[in-house]
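Peer 1: My questions will all concern the structure given below.
The values are calculated or read from the model by the stated rules, or taken from the named source; none is laboratory data. As the structure is a computational prediction, the values presented were derived from the model and not from experiment. Quick note on the areas: whole protein, heavy atoms, side chains included, nothing else; ligands and nucleic acids left out. Shrake-Rupley method; radii C 1.70, N 1.55, O 1.52, S 1.80 Å.
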Amino acid sequence: MKKTIISLVVLICVTHLNAQKADKFTKEKVAIDYINHSFGIYDKIQKSIWATPELGFLEEKSSAVHQKHLTENGFQVEKGVAGMPTAFIATYGSGSPVIGILAEFDALSGLSQDTVPYRKALIEGGNGHGCGHQLLGTGSVAGAVAIKKWLEASHTKGTIKVFGTPAEEGGGGKVFFAQAGLFNGIDIVLDWHPSDRNAVNTKTSLARISITYHFTGKAAHAAGNPEKGRSALDGVEAMNQMVNALREHIPSDARIHYVITNGGGLSPNVVPAEAEVSYYVRAKNIEELFDILTRVDNAADGAALGTGTQVIKNRLGGAIYPVLLNKPFTKLIQKNLERIGGIEWNEQELAFAKEIANSTNTQPEELEKVKTVEPYNESTFGQILPSSTDVADVSWNVPVGSFGTVTFIPGSPGHSWQNVAAGGTTIGTKGVLAAAKVFALTAIDLFTTPALLESIKAEFNNLRGKDYKYTPIVPDKGPELDYRIKK
Ligand SMILES: [Zn+2]
Ligand SMILES: [Zn+2]
């Protein structure tokens, strides 16, 4: 009798659990069906942003498109946050957990390109979405709306927030969200990036700081009174010379780049009184970053001393950390990427892709990868990608998980006309919908399985260390809102 009662209890419990599971999957369908039925909506949104590519902190139209769509779908939108007119936070729901999704929308200069598989600018020298941020923002917004539909249908308690983060390309928009404490109270943040493969992100990035060195000398007639002149351009050239010698003696994964933003005049017969050089320094951690930065600063001081000029150093705000990865979060995203699977292109899309692949000398068989999800590779976890992202600063404030879906043709370089072309077609939109589905499934897992969230948070706290406090790398500066405006 006792045995029968126990069996009965077990049976009831299992049935209850199965019912819960079935319920989760039925309701999950609400989110997935919404995305499947919304191809037209998100195709239109991504293409409208693609057609009006706006540079960092100038994304008025692009940001407004997302804000409008989120408002129409029941989100409360707060705009102009953290001192950035194009930044916003859109919120739906109440209580915890609070899940954030990052949305970017800035474009790049000089990459104007038509949706054709050969180089053809729409506007010569114009802007273009070479990093696919028109897709990035759209996929994040689509995912957030799908999650909202699920929260509503399942009567689940919890909050979803879209962080509309401007100026990823060099402006460090997310750093100012972090600086303003806007990630406080957020449990976890989901992120993605348009890609040429379907894969979870297992790689960290380089920390980065931007500095300008402004040299001042004395103008004089270059032939008549050269002894009275001190050339600011000499200062810049001497500095660059020293930094180029320094390159051999820094860690091999660090990077230093510069451009001369004020070349020191227009006439060779005038000793240049003003010249400016703008640097990026990148390194795998903050200690190395500051070590190299000090040596670059020393080169500037040495150059000024030797050329009889003065130098003013300006560390710009928006400097960024290396990404803090989170293994349990990565594994959760991998599971959901695999549930969604790869992407199928139709004949027209495939023909377009083959032509693009041809332009980058990519073997046609590489295109097969689009149909699959890359397996999770424990051995490459934590490797460094030699680039930087402001997502990193978010990742030191709250656990962040990131992935990519195929929106570009395999083999296309980053920031290329090929990516502008492919991203602006239905190839881009298909990647957007795949990303939105991964967001939806992952958020549903996090809302319904508290233990998952706990394990991700435990890993995060463990990696950051006890009493960790986030401080921006350049703490005393706000966003440089005109960094993309030609002065
Ligand atoms: Zn980029
Ligand atoms: Zn990007």
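Peer 1: In percent, how large is the relative contact order of the range 187-322, given Cα pairs closer than 8 Å and 6 or more residues apart?
Peer 2: Relative contact order, the range 187-322: 39 percent.
Peer 1: Please report, largest first and rounded to whole Å, the three semi-axes of the ellipsoid equivalent to the range 280-415, where each semi-axis is the square root of five times an eigenvalue of the C-alpha gyration tensor.
Peer 2: One finds semi-axes of 40, 22, 12 Å for the range 280-415.
Peer 1: When N counts the residues of the range 418-487, how does its alpha-carbon radius of gyration compare numerically with 2.2 N^0.38 Å, as a ratio?
Peer 2: My calculation over the Cα atoms of the range 418-487 gives 1.79.
Peer 1: If DNA, RNA and ligands are ignored and the probe is 1.4 Å, what is the ranking of Thr294, Thr307 by accessible area, most exposed first?
Peer 2: Thr294, Thr307
Peer 1: A follow-up question, please. P(r) for the range 207-315, please, calculated from all Cα pair distances in 5 Å bins and given in %.
Peer 2: Final binned percentages: 2, 14, 23, 22, 15, 11, 6, 4, 2, 0, 0.
Peer 1: Using a probe of 1.4 angstrom, how much of the accessible area of the range 207-315 is carbon and sulfur, in percent?
Peer 2: Whole-percent figure for carbon plus sulfur exposure: 53.
Peer 1: So, one more: For the range 116-160, what is one quarter of the convex hull surface built on the Cα atoms, given in nm²?
Peer 2: Average of the hull's projected areas for the range 116-160 equals 4.8 nm².
Peer 1: OK, next. What order do Tyr470, Tyr92 take when sorted by accessible area (1.4 Å probe), most exposed first?
Peer 2: Greatest to least solvent exposure: Tyr92, Tyr470.
Peer 1: I would also like to ask the following. Given a 1.4 Å probe and the protein chains all in place, what does the accessible area of Phe408 round to, in Å² to the nearest 10?
Peer 2: My reading of the accessible area for Phe408 is about 10 Å².
Peer 1: Right, something else. Restricting the calculation to Cα positions, tell me the Rg (one decimal) and the Dmax (whole number) of the range 200-253 in Å.
Peer 2: Final numbers for Rg and Dmax: 18.6, 65 Å.
Peer 1: Once amide H atoms are built 1.01 Å from N in the peptide plane, which residues 5 or more positions from Thr372, or in another chain, come under 5 Å H to H?
Peer 2: For Thr372, whose amide H was placed from the backbone, the distant partners under 5 Å are Ile343.
Peer 1: Return the ratio Rg/(2.2 N^0.38 Å) for the range 378-445, where Rg is computed over Cα atoms only.
Peer 2: 1.32
Peer 1: When ligands, DNA and RNA are left out and all protein chains stay put, how many square angstrom of accessible area per residue does the chain have with a 1.4 Å probe?
Peer 2: Accessible area per residue, the chain: 44 Å².
Peer 1: Something else: Which shape class applies to the range 123-187: rounded if a/c is under 1.5, otherwise prolate when a/b exceeds b/c and oblate if not, where a ≥ b ≥ c are the square roots of the Cα gyration tensor eigenvalues?
Peer 2: oblate
Peer 1: Averaged over all directions, how much area does the convex hull of the C-alpha atoms of the chain cover when projected, in nm²?
Peer 2: 27.3 nm²
Peer 1: Using a 1.4 angstrom probe on the protein heavy atoms only, line up Ser402, Ser48, Ser109, Ser140 by accessible area, largest first.
Peer 2: The residues order as Ser109, Ser48, Ser402, Ser140, largest area first.
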